[in-house]
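The values are calculated or read from the model by the stated rules, or taken from the named source; none is laboratory data. Source: prediction; values computed, not measured. FYI the Cβ positions are ideal-geometry reconstructions off the backbone, even for glycines, and counts take in every protein chain you see. In case anyone asks, the SASA skips ligands and DNA or RNA and just uses the protein heavy atoms, side chains included. Shrake-Rupley method; radii C 1.70, N 1.55, O 1.52, S 1.80 Å.
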Amino acid sequence: MRIKSILVSQPAPSESSPYLEIAKKEKIKIDFRPFIHVAGVDNKELRTQKIDLTQYTGIIFTSKNAIDHYFRLAEELRFSVPDTMRYICQSEAIANYLQKHIVYRKRKISFGEKNFTDLAPLFKKFPTEKYLLPSSDVLSPDIPKTLDAANIQWTRAIMYRTVCSDLTDINIADYDMLVFFSPQGIKSLQQNFPNFKQENTKIGVFGPTTSSAAEDAGLKIDLMAPTKETPSMTMALEKYIKSLHK
């Protein structure tokens, strides 16, 4: 089977994207459409979680979304975040993003290498803070496990949710291949197209959790990334298409 059209369940990339190079070289159509989006909770819902922003001396940020929604809710609740607040960020990139909301150089900011488990030494260094963890409704199990092992005071606050986008304007049957990056993307496919039957449609997935969600949904996986040979989806996709088009 020759692949002529692919739908990637993400926003359209920049002009220098490898996806566009693949489309040009292999003479195929690649469309982009986010299957999911982030929606913030309101301050009423935050109150139902019994969260009082004034009670915390430290904030743990795992993403840029967490930063944006924390400061959004702080503003809605008319809470002026004190200069003494301690910020623990999962990575340097996330820490640098704080500059959107605060005067960076005047604050207590620390960050890890990349993974959440890398933050363990920081919690050991600053064990007496009362930490708030702004998060989405989906949380990696490594996060509470690491926080509990650190023996610190921490509270999770769901400040935003990953929700399914409206895709009803799409004719899903127009595509020879669908590419997914999260379990929520698979859920969105099911919600938007309850009568979808895979038949000859190829399915590409990124990551083990997405793979599990696809299998649970009864989908046959044709392309899996990352692997040692193809650490990115674009590399895996190019190799797969070339093998089909031989």
When you check Val138 against the structure, is it aliphatic (A, V, I, L, M), at pLDDT below 95, under 23 Å from Ile221 (Cβ atoms) and open to solvent by 40 Å² or more (accessible area, probe 1.4 Å), yes or no? yes
Examine the stretch 179-199 for a residue that is in contact (Cβ under 8 Å) with a residue 24 or more places away in the chain, in contact with a helix residue (DSSP H, G or I) (Cβ under 6 Å, 6 or more places away or on another chain) and among the polar types (S, T, N, Q), and state whether such a residue exists. yes
One residue is enough: does the stretch 156-168 have a residue meeting the conditions of a type in the set (D, E, K, R) and over 30 Å from Leu73 (Cα atoms)? no
In the stretch 169-192, how many residues are within 23 Å of the chain's Cα centre (by Cα) and either polar (S, T, N, Q) or loosely packed, with under 15 Cβ neighbours inside 10 Å (or both)? 6
Can you say whether Ala95 is among the hydrophobic types (A, V, I, L, M, F, W, C), crowded, with 19+ Cβ neighbours inside 10 Å and not in a helix (DSSP H, G or I), as far as the supplied structure shows? no
How do the helices (runs of 4 or more DSSP H) wholly within the stretch 176-246 filter down when requiring 1 or more residues that are in contact with a His (Cβ under 8 Å, 6 or more places away or on another chain), among the aromatic types (Phe, Trp, Tyr) and under 18 Å from Asp31 (Cβ atoms): which remain? none
Whether any residue in the stretch 134-141 is without any contact (Cβ under 8 Å) to a residue 12 or more places away in the chain and either in a strand (DSSP E or B) or under 30 Å from Arg33 (Cβ atoms) (or both) is what I want to check. yes
Given the criterion over 18 Å from the mean Cα position of the chain (by Cα) and surrounded by fewer than 17 Cβ atoms within 10 Å (Cβ to Cβ), identify the matching residue among Arg86, Arg78. Arg78
So Glu113, is it at pLDDT below 95, assigned to a loop (DSSP other than H, G, I, E, B) and among the charged types (D, E, K, R): yes
Filter the stretch 14-35 for residues that are under 23 Å from the mean Cα position of the chain (by Cα), open to solvent by 50 Å² or more (accessible area, probe 1.4 Å) and either at pLDDT 95 or above or under 18 Å from Leu223 (Cβ atoms) (or both) and give the result. Pro18, Arg33
Could you tell me which residue of the stretch 102-117 is least open to solvent (accessible area, probe 1.4 Å), considering only residues that are within 24 Å of Glu75 (Cβ to Cβ) and out of contact with any helix residue (DSSP H, G or I) (no Cβ under 7 Å at 6 or more places or on another chain)? Ile102
Given the conditions (1) over 24 Å from Met1 (Cβ atoms); (2) among the hydrophobic types (A, V, I, L, M, F, W, C); (3) open to solvent by 40 Å² or more (accessible area, probe 1.4 Å), every one holds for Ile221 apart from (1)
Restricting attention to the stretch 116-133, which residues are assigned to a helix (DSSP H, G or I) and either on the phi > 0 side of the Ramachandran plot or hydrophobic (A, V, I, L, M, F, W, C) (or both)? Phe116, Leu119, Ala120, Leu122, Phe123
Test: residue in the stretch 193-202 that is open to solvent by 20 Å² or more (accessible area, probe 1.4 Å), under 22 Å from the mean Cα position of the chain (by Cα) and at pLDDT 95 or above: no
